[in-house]
Amino acid sequence: MKSLLFALLFLISCTQSKAQSNTDILPKERISELKNYIKDKDYNQNLAVFINFKIHSGKYRYFVYDLKNNRIIQKAIVSHGSGSVIKNSGQLKFSNVEGSYQSSLGKYEIKESYSGQFGKAYRLKGLDSTNSNAMQRAIVLHSFGCIPDQESQNLACLSLGCPMLSIKAFKETAKYVDQSKKSIVLYAFY
């Protein structure tokens, strides 16, 4: 009986810590904020993409999210800009300035795809004052071979400000974006 009680308590604590971590990786207030932003606008109301830059770059911090069923349908590792790194710190800094090589926070409209230096890529239109120069800065969603598919303690390679995914993760995201009749919004936060 004692071992059964211990097993039950262990199971409950694991379930609570998992729920806690899901809230930490994708806070409910960020989801609500995005839902309110896209409501009654001409964006996809069922899917969104979130990037939580608070999470270590070697961990999953890029999420394709089903807004209707409130669940993550894709997790991936995503880069941040080399200029966002603060030496000897786990913190990041962000900018909307061309030439800063920093990632920008805020909501983006995932626009049309094109074929460029990194193969297929999606233009990102900044929707906030914190990322309004995204088009001018050529901040795009693309893949790059140095981004791993699996989480590790190693930091992901750095970009010039673009969110870069692994080739496999990018192809998965591309299916969602290409099948969507309306633009999907990407929300990067810290």
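The values are calculated or read from the model by the stated rules, or taken from the named source; none is laboratory data. These numbers were taken from a predicted model, which means no experiment stands behind them. Virtual Cβ from ideal backbone geometry, glycine too; neighbours counted across all protein chains shown. What goes into the accessible areas is simple: the full protein's heavy atoms, side chains included, and nothing from ligands, DNA or RNA. Shrake-Rupley method; radii C 1.70, N 1.55, O 1.52, S 1.80 Å.
Observations, loosely collected:
- Residue 167 accessible area, assembled protein chains, probe 1.4 Å, Å²: 90
- Nearest-10 value in Å² for the accessible area of residue 24, using the 1.4 Å probe: 90
- Residues whose amide H comes within less than 5 Å of that of residue 74, counting only those at least five positions distant or on another chain, are 64 (H built at 1.01 Å from N in the peptide plane).
- Ranked from largest to smallest solvent-accessible area, with a 1.4 Å probe on the protein heavy atoms, 146, 157 come out as 146, 157.
- Accessible area per residue in Å² at 1.4 Å probe, computed on the range 124-190: 51
- Inter-probe distance in nm under a simple model that places probes 7 Å from Cα toward Cβ, at residue 67 and residue 98: 3.1
- For the range 39-109, the Cβ-based charge dipole about the Cα centre amounts to some 360 debye (Lys, Arg positive; Asp, Glu negative; other atoms uncharged).
- Distance between the modelled labels on residue 36 and residue 114, one decimal in nanometres: 3.5 nm (7 Å Cα→Cβ projection).
- Gyration tensor verdict on the chain (Cα atoms; rounded if a/c is under 1.5, prolate if a/b is larger than b/c, oblate otherwise): prolate
- When 39, 59, 87, 120 are compared by accessible area of protein heavy atoms, the largest-first order is 87, 39, 120, 59, using a 1.4 Å probe.
- Taking all protein chains as they are arranged and a probe of 1.4 Å, the heavy atoms of residue 130 leave approximately 70 Å² accessible to solvent.
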